[in-house]
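Accompanying notes for the structure given below.
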Amino acid sequence: MKDFIKEIRNNTSKNRIIITQNGNGLYFNNGKLDKNFFNITDGTTQESLYYGDILKYNTPTQKKSRQELLNLLIPLRNSGKPVFVINYAKGKSKKDFLIKEDMKTKFISEMLLSFGAKDLYESIHGYNTKNIDSLNQVKNFLCLLNPEKFKDINQYFEFLKNTDFDLLLIEPSHNGVFFTKEQIKQLKTKKSGGKRLVVAYFSIGEAEDYRNYWDTSWNKKNPEWIVAENTDWKGNYIVKYWHPKWKKIIKNYQKNLDEIGVDGYLLDTVDSYYYFEDKAEQNRKISD
């Protein structure tokens with residue numbers, strides 16, 4: 001997976017922002033920070049660090065699980081990597097807790113209203129009119145990955161345009177129709193007038209059956225590089241991310257994102273490598 005992300009980095013301009021979603025063990029080798037890989041990306045995220053454990057909304061993450069994640073995230077942040085935390089929760093007490101935690105860790109946390117990431121929410125940190133040129137300047141973010149509630153791409157665009165978040169982590173299309181380059185350009189300005197960053201959702205470890213690249217024949221028989229459906233997310237399929245045919249699909253999708261002018265990518269499902277590690281471990285136990 002590290003090599004795959006490096007390929008994605010090398011396939012675009014040097015100033016393109018790359019943010020990984022979860023899978024933060026990638027940044028370490030035998031417990032030590034992998035500096036070579038660290039320098040490939042610009043930021044990372046972590047879902048359910050504090051709230052939303054095992055896909056249960058408003059549920060505090062178990063202390064053991066949270067500490068394991070913090071053991072990865074704190075060294076990353078201390079080394080200069082911006083960390084954005086996506087929690088699934090609501091309520092003033094939780095908001096106050098997250099603000100205090102962010103002051104200690106220097107993370108940027110938000111509380112989403114659903115696991116589907118389809119609703120607008122108020123930033124727990126408030127808003128500002130400053131120009132945002134890098135991830136280290138970001139004080140809040142909107143994560144909106146499912147625009148199904150909008151009638152079309154234009155309504156979705158108008159909605160996003162009228163927000164004041166420093167960073168937009170967004171699905172860049174609606175029903176297969178992508179934002180235009182002009183629309184992306186306009187989204188890079190907050191409602192208040194300040195500049196901001198627009199980063200497109202980009203799943204690289206799973207194939208999604210609603211994407212334009214999906215071949216309907218795969219509904220009857222999957223190609224050999226599609227391994228299994230994600231049991232938590234219907235229509236998402238774990239892939240052999242190293243397979244040439246999948247890499248070609250990703251390269252074409254990446255080209256599309258670059259053409260509409262997004263500032264960068266939110267690389268999701270990078271943690272799919274765990275699936276293959278677990279399978280390998282099971283096979284070793286069987287052979288033993």
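Peptides 89-102, 111-124 ordered by packing proxy, namely the average of other Cβ atoms within 10 Å per residue, highest first: 111-124, 89-102.
So if R0 is 25 Å, what FRET efficiency would ASN162 and ASP133 give, r being the distance between their Cβ atoms, rounded to the nearest 0.05?
Details: r = 22 Å, r/R0 = 0.88.
The computed FRET efficiency comes out at 0.70.
Counting only lysines at least 8 places from LYS94 when in the same chain, those with an alpha carbon closer than 23 Å to its own are LYS56, LYS63, LYS64, LYS104, LYS106, LYS118, LYS139.
Placing +1 at every Lys and Arg Cβ and -1 at every Asp and Glu Cβ, with all other atoms neutral, what dipole size does the range 10-61 have around its Cα centre, in debye to the nearest 20? Let's see the in-between values first.
Numbers: 5 positive and 4 negative charges, 38 e Å.
The calculation lands at about 180 debye.
Ordering GLY261, TYR57, ASN154 by Cα displacement along the dipole of the range 1-287 toward the positive end leaves GLY261 in first place; charges were set at the Cβ atoms of Lys, Arg (+1) and Asp, Glu (-1). Taking 7 Å steps out from each Cα toward its Cβ at ASN219 and ASP34 produces label points 3.8 nm apart.
So what is the relative contact order for the range 1-287, in percent, with contacts set as C-alpha pairs under 8 Å and at least six apart?
Values: 472 pairs, mean separation 51.0, N = 287.
Computed over the range 1-287, the figure is 18 percent.
Computed about the Cα centre, the dipole magnitude for the chain is approximately 620 debye when only Lys and Arg (+1) and Asp and Glu (-1) carry charge, each at its Cβ. Selection among SER123, THR12, MET103 by position relative to the dipole of the range 1-287 gives MET103 as farthest towards the positive end (Cβ unit charges, Cα centre). As a test of the formula, what do you get for the chain when each DSSP H run with n ≥ 4 contributes -39,500 (n - 2.57) and the sum is divided by the residue count, at 222 nm and rounded to the nearest 500 deg cm²/dmol? Result for the chain, helices only: -9500 deg cm²/dmol.
Values (1) 14.1; (2) 18.6; (3) 15.8 are given for comparison; mean projected area of the Cα convex hull in nm², derived from the coordinates here, is the one labelled (3).
Every number in this text was worked out from the coordinates using simple rules, so none of it is lab data. Since the structure is predicted, the reported quantities are computational estimates derived from the model, not experimental observations. When we count neighbours, we look across all protein chains shown, and the Cβ atoms used for this are built from the backbone with ideal geometry, even at glycine.
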